[in-house]
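K.L.:
I'd like to ask you about the structure that follows.
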Amino acid sequence: MPRTLLPGQRCRVLIVDPATGATETVFESRTLLVEAPNWSPDGRWLVVNGDGLLWRLPVDARAVDETALEAVPMGDVPEINNDHVIAPDGSVVFVSARDGHVYEIPWEGVPAGESARRVTRPHPEGRNHKNYLHGVSPDGGTLSVIVGALPAPVADPGAEEARVDWRTNVALVAVSDGAATPVTDDEHPDDGAEFAPDGARLWFNSERASGGVAGHAQLFRTGLDGAGAVQVTHDERVNWFPHVSPDGCTLLYVSFEPGTLGHPENRDVVLRTLPLGGDGLPEPGATPHDVLALFGGQGTVNVPGWSPDSSRFACADYPLA
C-alpha cells in the first residue's frame with residue numbers, strides 16, 4: 001500500500017540551496033504524500049511519486065497543493081514506489097513497481113490503450129527477487145539497481161527464515177534488453193547505487209564496514225565491476241543515498257541518527273554535503289557540512305534530485321503539526 005500522512009502531518013517538496021540551507025517550498029499538502037523528487041534535465045519540472053502513481057510538478061510552483069500536480073499516465077504498470085529516475089535526455093522516466101520490476105514511462109506518459117515497456121527480465125523462481133532503481137548512466141543505456149533476492153531458490157520465499165536471508169546487492173541493467181550484471185554479490189546490505197557524473201564509477205551505501213553493527217550504513221564509491229571500493233564516510237551516524245552533483249563537485253546524502261536500522265520514515269534526519277576533489281573523492285580533510293535538518297528519511301532524497309546546474313537540489317519532508 002502507498003504511504004499516507006499521519007494525522008496532522010504535512011508533506012512538502014522543498015528546493016534547497018546547498019551552500020546556505022535556504023529553502024523554498026514548491027509543494028505542500030495535508031492529503032497526499034509524495035516522495036523522492038527528481039529534477040528534469042531541462043530544469044523545468046520535478047517528478048515525484050504519490051499514491052502509487054507518477055506526477056510532475058513545475059519547478060516554479062509556489063507552495064501549491066496537489067491540484068498543481070500533473071499525472072503521468074503509466075498504462076498497466078502496477079503501483080510504483082519511490083525509486084524513479086529521469087533519462088539524461090528527458091525522454092522517459094524509469095520507475096520501480098511493487099511487482100519488483102523496472103518500467104520505462106514516456107515523458108508524456110503511456111498512450112491510452114498501450115502498455116509500458118518492462119525493462120527488467122522475468123524473475124528467477126523461488127528467490128523473492130526485486131529490482132530497486134536508483135540511477136541511470138550518462139548515456140542513458142544502463143540502469144544502476146539494487147537487486148533484492150534470496151541467495152538460492154527455496155520452496156517458500158515468504159517464510160520467515162527466507163526473509164532473514166534476503167540480501168541486497170548492486171547490479172547494472174541494460175536498458176535495451178534487461179540483461180543484468182552483478183556489481184556486488186555478498187551478504188552485506190547495499191542500497192542507493194548511483195552513477196558518478198562521468199559514468200565511470202558507482203556510489204552506494206553499504207553495511208560492509210559496519211563491524212557487525214546492524215544498520216550502520218556508510219557511503220562508498222566503486223568501479224563498475226565492483227573493484228576498488230573506497231569508503232567515503234567514517235562516522236557514527238547512519239548515512240544513505242549518495243548523490244553527486246552534475247558538476248561532480250558536491251556529494252549530497254541523508255544522515256540518520258546512530259543506531260537507526262534501514263532508512264525509515266518519520267525520523268529526524270540531516271541532509272549533508274561533502275566537497276569533492278578532482279579525483280571525485282572528498283578533498284583531504286573535508287568534513288560533512290550540515291545543510292538542513294528536517295523530519296523525514298524515507299522519501300526525502302531516495303533518488304537524484306540535483307538541479308541541472310548543480311546550484312540547488314530538491315527534497316521532501318513530512319513535518320508534524
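The values are calculated or read from the model by the stated rules, or taken from the named source; none is laboratory data. None of the values given here were measured: they were computed from a predicted structure. Cβ coordinates were reconstructed from backbone atoms using ideal geometry, including for glycine residues, and neighbour counts include every protein chain displayed.
K.L.:
So, of the residues in the range 79-94 that are among the hydrophobic types (A, V, I, L, M, F, W, C) and under 14 Å from Glu194 (Cα atoms), which turns out to be nearest to the chain's Cα centre (by Cα)?
P.N.:
Among them, the one singled out is Val85.
K.L.:
Looking at the range 159-194, which of the residues that are β-branched (Val, Ile, Thr) and in a strand (DSSP E or B) is farthest from the chain's Cα centre (by Cα)?
P.N.:
Thr181
K.L.:
Name the residue that is farthest from the chain's Cα centre (by Cα), counting only residues in the range 199-249 that are under 16 Å from Leu172 (Cβ atoms) and among the charged types (D, E, K, R).
P.N.:
For the range 199-249, the residue satisfying everything is Asp225.
K.L.:
Is it the case, given these coordinates, that Gly100 is touching a Lys or Arg at 6+ places or on another chain (Cβ under 6 Å), surrounded by fewer than 19 Cβ atoms within 10 Å (Cβ to Cβ) and touching a residue at least 24 places away in the same chain (Cβ under 8 Å)?
P.N.:
yes
K.L.:
Does Gly212 satisfy being without any contact (Cβ under 8 Å) to a residue 12 or more places away in the chain, out of contact with any His (no Cβ under 8 Å at 6 or more places or on another chain) and either of a type in the set (Lys, Arg) or closer than 28 Å to Asp17 by Cα (or both)?
P.N.:
It is false that Gly212 is without any contact (Cβ under 8 Å) to a residue 12 or more places away in the chain, out of contact with any His (no Cβ under 8 Å at 6 or more places or on another chain) and either of a type in the set (Lys, Arg) or closer than 28 Å to Asp17 by Cα (or both).
K.L.:
Out of everything in the range 45-78 that is of a type in the set (Gly, Ala, Ser) and more than 19 Å from the chain's Cα centre (by Cα), what residue ends up being farthest from Gly109 (Cα to Cα)?
P.N.:
So, considering only residues that are of a type in the set (Gly, Ala, Ser) and more than 19 Å from the chain's Cα centre (by Cα), the one farthest from Gly109 (Cα to Cα) is Ala63.
K.L.:
For the range 149-166, name all the residues that are of a type in the set (Gly, Ala, Ser) and without any contact (Cβ under 8 Å) to a residue 24 or more places away in the chain. Lay out the reasoning, then the answer.
P.N.:
Of the range 149-166, the ones of a type in the set (Gly, Ala, Ser) are 149, 152, 155, 158-159, 162.
Passing the criteria: only Ala159.
K.L.:
From the residues in the range 106-126 that are out of contact with any Asp or Glu (no Cβ under 7 Å at 6 or more places or on another chain) and within 28 Å of Pro242 (Cα to Cα), which one is surrounded by the most Cβ atoms within 10 Å (Cβ to Cβ)?
P.N.:
Checking each candidate, the answer is Thr120.
K.L.:
Looking only at residues that are among the aliphatic types (A, V, I, L, M) and in a loop (DSSP other than H, G, I, E, B) in the range 232-275, which one is modelled with the lowest pLDDT? Break it down into steps so the answer makes sense when it comes.
P.N.:
Kept after step one, since they are among the aliphatic types (A, V, I, L, M), are these residues of the range 232-275: 232, 238, 244, 251-252, 254, 261, 269-271, 274.
Now drop any that are not in a loop (DSSP other than H, G, I, E, B), which leaves 232, 261.
Details: Val232: 98, Leu261: 95.
Only one residue tops the list, namely Leu261.
K.L.:
Continuing with the same structure: Within the range 223-230, identify whether any single residue is touching a Phe, Trp or Tyr at 6+ places or on another chain (Cβ under 9 Å), within 15 Å of Pro288 (Cβ to Cβ) and assigned to a strand (DSSP E or B), and answer yes or no.
P.N.:
No, the range 223-230 has no match at all.
K.L.:
Sticking with this structure for a sec: Being among the hydrophobic types (A, V, I, L, M, F, W, C), farther than 19 Å from Pro37 by Cα and outside any loop (DSSP other than H, G, I, E, B) is the filter here; which residues of the range 276-303 pass it?
P.N.:
Of the range 276-303, the ones among the hydrophobic types (A, V, I, L, M, F, W, C) are 276, 281, 286, 291-295, 301, 303.
Checking the rest, the ones that are also farther than 19 Å from Pro37 by Cα come to 276, 281, 286.
Leu276 - this is the single residue of the range 276-303 that is among the hydrophobic types (A, V, I, L, M, F, W, C), farther than 19 Å from Pro37 by Cα and outside any loop (DSSP other than H, G, I, E, B).
K.L.:
Do any residues in the range 105-120 that are within 14 Å of Val85 (Cα to Cα) have Cβ atoms under 8 Å from those of residues that are among the charged types (D, E, K, R) and outside any loop (DSSP other than H, G, I, E, B), where the two are at least six apart or on different chains, and which pairs are they?
P.N.:
Here the result reads Val119/Glu104, each pair linking the range 105-120 to a residue that is among the charged types (D, E, K, R) and outside any loop (DSSP other than H, G, I, E, B).
K.L.:
List every residue pair whose Cβ atoms lie under 9 Å apart, where the two residues are 6 or more positions apart in sequence or sit on different chains, the first residue falls within the range 307-321 and is at positive phi and free of Cβ contacts under 8 Å to residues at least 24 places away in the same chain, and the second residue, located anywhere, is of a type in the set (Val, Ile, Thr) and assigned to a loop (DSSP other than H, G, I, E, B).
P.N.:
If the second residue must be of a type in the set (Val, Ile, Thr) and assigned to a loop (DSSP other than H, G, I, E, B), no pairs are left.
K.L.:
Applying the selection to the range 70-90, what residues are without any contact (Cβ under 8 Å) to a residue 40 or more places away in the chain and over 16 Å from Tyr132 (Cβ atoms)?
P.N.:
The answer is Glu70, Ala71, Val72, Pro73.
K.L.:
So, in the range 147-204, how many residues would count as being loosely packed, with under 14 Cβ neighbours inside 10 Å and either touching a helix residue (DSSP H, G or I) at 6+ places or on another chain (Cβ under 6 Å) or among the β-branched types (Val, Ile, Thr) (or both)?
P.N.:
Qualifying residue count for the region: 2.
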